[in-house]
Amino acid sequence: MNKPQDIDKNLLELAQSLRWEAGENFHDHLINSIYEDAASIANKSVGKDESTRKFNWDKTLDNIITNRWTGYPLMIILLAVVFWITISGANVPSGMLATLLIDNLHPVLKGFAAQISMPWWLSGLLFDGIYLAAAWVISVMLPPMAIFFPLFTLLEDFGYLPRVAFNLDKMFRKAGAHGKQALTMSMGFGCNAAGVVAARIIDSPRERLIAIITNNFALCNGRWPTQILIASLFIGVLVPQQFGGIAATGAVVAVVLLGIALTFISSWLLSRTVLRGEPSTFSLELPPYRPPRFWKTMYTSLIDRTIFVLWRAVIFAIPAGAFIWLTSNIQIGSTSIADHLIYFFDPFALLIGLNGVILLAYIIAIPANEIVVPTILMLTVLNLNLTGVGEGAGVMFELTDESAYAALFNAAGWDTLMAVNLMIFSLVHNPCSTTIYTIYKETNSVKWTVFASLLPVVMGLVLCFFIAQIWRIVAGI
């Protein structure tokens with residue numbers, strides 16, 4: 001029987017013999033195999049497979065979209081395109097809805113009320129107040145949402161929005177918030193109520209609450225008409241005519257950027273005061289890019305988001321319409337309640353660069369930002385006791401061209417300061433009733449609902465006050 005030492009020695013000699021006889025081919029084959037595997041891994045990591053030579057789109061797109069130098073400009077450009085498509089594309093259907101619901105159907109309803117001898121006050125309350133408020137909300141709010149939400153969902157399905165969260169994660173974490181707040185903020189540009197609901201994607205209760213409270217700083221589609229109108233009338237005219245559109249657009253973009261800055265600032269303050277805590281970490285998986293599912297996107301956007309939000313807005317617009325008509329038509333002495341309120345608000349409003357009509361319009365329009373401009377026009381005509389403009393006390397209306405708007409606002413004593421502060425206050429004021437109700441449903445807290453409602457309006461009043469004082473000092477007033 002051989003000893004173990006003899007067996008080991010024999011095996012070693014055999015291995016050496018085989019290695020010598022094979023000319024070390026086995027060793028060379030092993031080394032070559034390792035190099036081949038390494039080359040294959042390297043080729044895949046840079047985006048190409050040597051065997052198929054197919055281009056790796058996911059890797060290439062991520063190199064552009066998540067790059068620190070190209071990612072942010074691309075994000076701004078893409079969102080700007082979405083806003084432009086939304087605003088431009090909504091003009092025609094909004095006009096068609098306004099023609100149908102306001103120009104055509106409203107006179108029919110008024111005529112029907114006259115035929116059945118309905119009392120004037122009931123006809124006014126139902127059709128000039130309640131119906132018109134609901135009609136304005138539908139005609140102004142429906143088309144932009146029906147465009148924005150599908151576009152937003154298409155970007156989400158394609159896989160772009162998770163990259164936006166990836167790009168902004170570091171900035172939100174520095175503000176003490178969650179990286180996914182980038183998505184809720186973006187959703188808020190369509191509708192703040194939808195942005196509040198979208199905060200469900202944030203697991204941390206503290207950071208979810210920060211996202212909910214600050215979502216109002218995203219300029220929702222209900223506030224775009226005010227921004228565009230005022231910028232065109234008062235900012236565009238400050239430069240030569242050929243540059244007026246650029247100046248007006250720049251002013252609106254500046255307001256949007258201010259809202260984003262206020263989102264970061266308020267998130268930072270909240271995370272270090274009433275909602276103190278460390279930002280949570282999360283693992284963000286970047287899904288592969290894939291063709292959007294068109295019909296599912298349309299259903300999700302139009303049914304789950306657009307119709308849901310619109311229905312809530314219409315419900316809250318009904319009491320607003322009634323309030324507008326009643327305050328404009330019920331008189332105390334020889335003056336309407338609306339005029340009394342305007343005179344009451346005027347001293348404070350003028351101090352912060354606004355006027356009593358604007359403040360009253362924003363109080364009345366809490367149910368829906370879409371009725372701010374028609375309400376301002378109606379109250380201005382009522383306050384100035386103008387004839388031949390509008391359709392009577394409590395009846396909201398819009399004008400046909402910019403020159404008519406300019407003439408009315410000039411008659412009311414508006415100036416550039418008032419226009420600038422109106423744009424600021426349109427961004428930084430209390431949420432609409434639909435958003436307030438949604439905040440309560442999502443937080444189940446009266447305290448946080450009141451806090452989220454009062455914080456932006458206080459900030460807006462303070463901002464307007466300081467802008468007014470600085471403006472007057474510079475102007476030497």
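The values are calculated or read from the model by the stated rules, or taken from the named source; none is laboratory data. All values reported here derive from a predicted model rather than from experimental measurement. Cβ atoms come from the backbone with ideal geometry, glycine included; neighbour counts cover every protein chain shown.
Got a sec? Which of Asn410, Asn385, Asn421, Asn430 is at positive phi, out of contact with any Lys or Arg (no Cβ under 6 Å at 6 or more places or on another chain) and not small (Gly, Ala, Ser)? When all the criteria are applied, what remains is Asn385.
Taking the stated definitions as given, is Ile467 assigned to a helix (DSSP H, G or I), of a type in the set (A, V, I, L, M) and within 14 Å of Asn215 (Cα to Cα)? In short, no. For segment 429-449, the criterion of being among the polar types (S, T, N, Q), in a helix (DSSP H, G or I), surrounded by fewer than 21 Cβ atoms within 10 Å (Cβ to Cβ) and without any contact (Cβ under 8 Å) to a residue 60 or more places away in the chain is met by no residue. In segment 293-333, the qualifying residues are those that are outside any helix (DSSP H, G or I) and at pLDDT 80 or above, and the one that is surrounded by the fewest Cβ atoms within 10 Å (Cβ to Cβ) is Gly333. Here Pro374 meets each of (1) touching a residue at least 24 places away in the same chain (Cβ under 8 Å); (2) surrounded by fewer than 22 Cβ atoms within 10 Å (Cβ to Cβ); (3) not aliphatic (A, V, I, L, M) with one exception, condition (2). Summed over segment 419-448, residues that are closer than 16 Å to Ala468 by Cβ and out of contact with any Phe, Trp or Tyr (no Cβ under 8 Å at 6 or more places or on another chain) total 5. Where helices (runs of 4 or more DSSP H) fall entirely within segment 193-291, those with at least 2 residues that are touching a residue at least 24 places away in the same chain (Cβ under 8 Å) and over 21 Å from Ile147 (Cα atoms) are at 205-214, 244-271. Within segment 377-397, if we keep just the residues that are surrounded by fewer than 17 Cβ atoms within 10 Å (Cβ to Cβ) and in contact (Cβ under 8 Å) with a residue 60 or more places away in the chain, the residue that is nearest to Leu142 (Cα to Cα) turns out to be Glu391.
Give the number of residues within segment 112-135 that are of a type in the set (A, V, I, L, M, F, W, C), over 18 Å from Thr327 (Cα atoms) and assigned to a helix (DSSP H, G or I). Show your work before the answer.
Of the residues in segment 112-135, the ones of a type in the set (A, V, I, L, M, F, W, C) are 112-114, 116, 118, 120-122, 125-127, 130, 132-135.
Still in the list and also over 18 Å from Thr327 (Cα atoms): 112-114, 116, 118, 135.
Narrowing the set further to residues that are assigned to a helix (DSSP H, G or I) leaves 112-114, 135.
Going through segment 112-135 one residue at a time, the tally reaches 4.
Go through segment 339-362 and give me each residue that's touching a residue at least 40 places away in the same chain (Cβ under 8 Å) and over 18 Å from Ile424 (Cα atoms).
Here is the first cut: in segment 339-362, the residues touching a residue at least 40 places away in the same chain (Cβ under 8 Å) are 339, 342, 351-355, 357-358, 362.
Those that are touching a residue at least 40 places away in the same chain (Cβ under 8 Å) and over 18 Å from Ile424 (Cα atoms): Asp339, Ile342.
Taking the conditions exactly as written (free of Cβ contacts under 8 Å to residues at least 60 places away in the same chain and in contact with a helix residue (DSSP H, G or I) (Cβ under 8 Å, 6 or more places away or on another chain)), does Ala146 satisfy them or not?
On the way: free of Cβ contacts under 8 Å to residues at least 60 places away in the same chain: no; in contact with a helix residue (DSSP H, G or I) (Cβ under 8 Å, 6 or more places away or on another chain): yes.
So Ala146 does not fit the description; no.
Considering segment 65-92, the residues that are hydroxyl-bearing (Ser, Thr, Tyr) and in contact (Cβ under 8 Å) with a residue 12 or more places away in the chain include one that is nearest to Met187 (Cα to Cα), namely Thr86.
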